[in-house]
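Read-outs: derived from the displayed coordinates by stated rules, not from any lab. As the structure is a computational prediction, the values presented were derived from the model and not from experiment. FYI the Cβ positions are ideal-geometry reconstructions off the backbone, even for glycines, and counts take in every protein chain you see.
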2 protein chains.
Amino acid sequence: MVDEDKLSRREFLYSSGGFAAGVALAGGGLGMLSGCVSEPQERIVEIEKIVEKTTPVSLTAPLPYKVLDTHTVAELAYENWYKDFCSYAVVSGIIDTLEVEVGAPYDSIPTEAFRGFHGGAVGWGTLCGTLTGAGIVTGLVAGGAEGEAIFNDVIAWYAETELPVYTPDNPKTAIQNTNRANSPLCHISVGKWMKKENVAFFSDQRKERCARTAASVAVKTVELLNDWSIGTYTPVHGSQAKTHDITSQNNCGDCHSDGVPPIPGA
Amino acid sequence: MVDEDKLSRREFLYSSGGFAAGVALAGGGLGMLSGCVSEPQERIVEIEKIVEKTTPVSLTAPLPYKVLDTHTVAELAYENWYKDFCSYAVVSGIIDTLEVEVGAPYDSIPTEAFRGFHGGAVGWGTLCGTLTGAGIVTGLVAGGAEGEAIFNDVIAWYAETELPVYTPDNPKTAIQNTNRANSPLCHISVGKWMKKENVAFFSDQRKERCARTAASVAVKTVELLNDWSIGTYTPVHGSQAKTHDITSQNNCGDCHSDGVPPIPGA
């Protein structure tokens, strides 16, 4: 009883890389239950190799990354938009693909937790949920500081790009237009596109546009993460706060229509 | 030596979440290496019971929650703002407190990954980073759908409240004003306050205001999560998108100064 109820700290430390490490050990353990072990020391060496292989995958950012196929990510993001909207689409499009390609710890990230950022945060029209998703992924994959630089470049690209860029293999609805928002805000981005397409918010076309935009942002995020992972990424976009002496977008005239910012330095 | 190097499985199960299931199995497997098992089938049944008991607390939202002391959370959020800014402050203020109070799986959430949302997403002035942090926490703690309802109420409260509400035990800088933003946007929220306080963005006063705002938002988020966890929470704020027929804030005149929305239905 005493032996069974104890676990050495060494075993604990080896397996503390995450749930996967424990499961790997568990697999070894269960396999052994079918019979008596003749050479336990060899089995320990084997288990230690498994643990060593899985240990680096702990849930401390940056997480292990592998160059991803953008088409795979895009298709998953597109389909997942129709399950839980934009933020979830980007997070799950990338994280669930990493779960297939890398495994743990990506199987332990509750992607469904991030659906609330849809519609610019529960429909408040602020940061486009696809970008919130991108920021969550870049932070997890590349860590706080490096992830932030990549996130900054994704936001700048979003504001300047005719979206959506991506056309899915099997579109659910035909749409006619793309649009450059000059803003990362959901309200401005989707609103300008709705005006151009002449459709309402609760239309199939608008939903399709957002699903394709999620796929587009997922692709851009993965492109930069791929570059980052092989050492060819260089941050491009500068500091918004330093440029404007306040946190800000670059579309000042969209709100300050008289050209005079109401806030000193804004 | 041997005693010091051992850890009981019982300690694991009580102190750990999803990770514990794997480790518990590992313990069983490794424990068996020291000798031959006389009744393997009984051992399998025992292990299956352990797995069943520990499996639900894996990193699938909602995560296990415990009513928190708002003062503890607020002080941690305030101090952590000065380490990595607003989004990190709220996430770490709550998650790191949960790590102390609940333990796993909160020790496996890489809070540093979420710093990139400061300044309304890398300084772009969109959704206040304290709110992004709140949305990440509510999604993890309460799950996608229920977390979203709580997040919606936190955003509505933020827009309508004279912020900051919270005064830290040991303020780093004195500030004079509070302000109602009528918006969850960083740029509008901090900009209006800067105008009232008559200070620049890169001033100690502005930093202090944001640190106190992070603490204030962390408190509000925990108040609602506490209510939710004991069954006394009822969602208050309605659907922004259904109200406006587009994702939107409620401060239409801040941007549409002629009173005529440029977008149909906006």
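Counting Lys +1, Arg +1, Asp -1, Glu -1, what net charge surrounds residue A:83 among other residues with beta carbon under 14 Å of its beta carbon?
-2
All other residues with a Cβ under 14 Å from the Cβ of residue A:209 taken together, and with Lys, Arg as +1 and Asp, Glu as -1, what is their net charge?
Working: positive: A:172, A:180, A:192, A:195, A:196, A:206, A:207, A:212; negative: A:162, A:197, A:204, A:208.
Neighbourhood net charge equals +4.
Based on the alpha carbons, how large is the Rg to Rh ratio for region B:126-251 when Rh follows Kirkwood? Working shown, then result.
Values: Rg = 15.0 Å, Rh = 15.2 Å.
Across region B:126-251, the Cα-based Rg/Rh ratio is 0.99.
So the label point sits 7 Å from Cα along the Cα-to-Cβ vector; using that for residue A:204, what distances do you get to the other copies, in nanometres, sorted shortest first?
6.2
Round to a whole angstrom and tell me the spacing of the C-alpha centers of region B:99-146 and region A:135-193.
Region B:99-146 and region A:135-193 have Cα centres spaced 21 Å from each other.
Tell me which residues come under 5 Å, amide H to amide H, from residue A:179 once H is placed; ignore anything under 5 positions away on its chain.
The answer is A:163.
Compute the label-point distances linking residue A:171 to its equivalents in the other copies; points lie 7 Å from Cα along Cα→Cβ; give nm, one decimal, shortest first.
Spelled out, the distances from residue A:171's label point are 5.6 nm.
For region A:188-238, what value does the Rg/Rh ratio take when both radii are computed over Cα atoms and Rh is the Kirkwood radius, given to two decimals?
Values: Rg = 15.4 Å, Rh = 12.9 Å.
Over the Cα atoms of region A:188-238, Rg/Rh equals 1.19.
Once the label point is set 7 Å along the Cα-to-beta-carbon vector, what list of distances in nm do you get between residue A:243 and its counterparts in the other copies?
Values, ascending and in nm: 3.2.
Which entries in the list A:172/A:220; A:242/B:207; A:83/A:220; A:83/B:220; B:195/B:242 go over 25 Å, if you measure between the two C-alpha atoms of each?
Values: A:172/A:220 22 Å; A:242/B:207 15 Å; A:83/A:220 21 Å; A:83/B:220 30 Å; B:195/B:242 33 Å.
Flagged as over cut-off: A:83/B:220; B:195/B:242.
Among residues other than residue A:144 whose Cβ falls under 11 Å from its Cβ, what is the net charge (Lys/Arg +1, Asp/Glu -1)?
Once positives and negatives cancel, what remains is -2.
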